[in-house]
Amino acid sequence: MIERAIEKFLFASRWLLAPFFIALALALLVLLGKMALAFYEFFLHAWSATEADVILSILGLVDLTLLGSLLVIMIFSGYENFVSRIDAAQHADWPEWMAKINFTGLKLKLMSSIVAISAIQLLRAFVNVKNLTTHELAWDVGIHLVFVVSGLLLALSDRISERQPGGA
C-alpha cells in the first residue's frame, strides 16, 4: 500500500516538468522578438553594408531560426516523452515526426542542432576573420570540434546500446 502510494506520487511528479516546457514556449516569444529586431537591423543596413556584413547578418538570422527550431523540438518531444501524450488527431497540421522522437532521438536531434549552431558561429568567425585574433579563432574551432566529437560519441554510444540485449 505504501509502495503503491509512492509510485503514484512519483508518477504524478512528472507534471512538475510542464512549467519548464511552458517557459521554453515563452522563450520562443523572446526569440521571436530578437529575430524581429535582428531582421529590422539587417533590413535597414543591408543596402549600404558590405557583402561580408550581409553574410554575417543572414547567418545571425539562420542561427536564431535554428535555435527556435531546437526549442520546438525540445518542447514537444520533451513533453511527449516525459509528461503526457499529445492527441495529434485533434491537430490537422501536426508534424508526423513529433510523435516518433524517443529520448535517444531527442538527444541526437539536440546534439545535431548544437553542432549546426556551432558551425554557423564558426562560419561567422571565418567571415569576420580580419577582426579576430588567432587565439580567438582557435577557441572557436576547438569548441566546435568538441561539439562535433561529443555528437559522434553520443551517436556511437546510442548505436552500441541498441545492439546490446536490453539496450535502450
message = For the stretch 72-91, give me the residue count where each residue is over 11 Å from L17 (Cα atoms), loosely packed, with under 14 Cβ neighbours inside 10 Å and at pLDDT 80 or above.
response = 0
query = Does at least one position in the stretch 16-34 carry a residue that is over 30 Å from V127 (Cβ atoms), exposed (fewer than 12 other Cβ atoms within 10 Å of the Cβ) and either modelled with pLDDT under 90 or over 21 Å from the mean Cα position of the chain (by Cα) (or both)?
reply = yes
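Here is a list: A49, A92, A18. Which entry is aliphatic (A, V, I, L, M) and either touching a Pro at 6+ places or on another chain (Cβ under 7 Å) or part of a helix (DSSP H, G or I) (or both)? Steps first, please.
Working: A49 fails: either touching a Pro at 6+ places or on another chain (Cβ under 7 Å) or part of a helix (DSSP H, G or I) (or both); A92 fails: either touching a Pro at 6+ places or on another chain (Cβ under 7 Å) or part of a helix (DSSP H, G or I) (or both).
Criteria check complete, one pass: A18.
The values are calculated or read from the model by the stated rules, or taken from the named source; none is laboratory data. It should be emphasised that the depicted structure is a prediction, and the values quoted were computed from it without experimental measurement. Glycine gets a Cβ as well: all are built from the backbone with ideal geometry, and neighbour counts include every protein chain shown.
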